[in-house]
Amino acid sequence: MSNMPTGSVRRTAGNIMIFLGGLILVASAATKFARITPVVNQLAAIGFGGSRLMIIATLELCSAVLFLVPRTRSIGLLLISSYMGGAIAAHLGHGEPVYQPAFVLASLWIGAYLGHPEILWSLNLSTGTGSQAAKQASQQSALRQI
């Protein structure tokens, strides 16, 4: 592994984090679809019982699948961020700890950045003094790779 270029190691680590995070979300959605009693009880306690539980599970699964597919990863990350932001807000609103959804969300963002740093192209993190045209060309190239 010492012969691997740093970029390759970073990309591999990011892809592993993306896969594991996606797997966590798919498994979480599966527990909701299977109506596992502790999960159903916990979500019912914060107002997500009955048909709302299936809506939550569907949103979670769709977001995870979009995130796991490289071509739709950007929109998947946006949807997962929204979904997990809602989870964090629901936990806060009911006095529950927020570390679990916050950790999953942070892991997914870190994995996405490590595996595909171009996913954050709109933040314009470059420190160079290149021309605006060069920056736009770089952004368009990044979009084609996504």
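Numbers at a glance
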read-out: Cα radius of gyration and Dmax for the stretch 1-72 (Å); value: 16.6, 53
read-out: Distance between the stretch 39-95 and the stretch 9-32 - C-alpha centres, whole angstrom; value: 15 Å
read-out: The stretch 1-125: projected area of the alpha-carbon convex hull, averaged over directions, in nm²; value: 8.9 nm²
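The numbers here are math on the coordinates, done by the rules we state, and not lab data. Predicted, not measured: the structure shown is a model, and the values here were computed from it.
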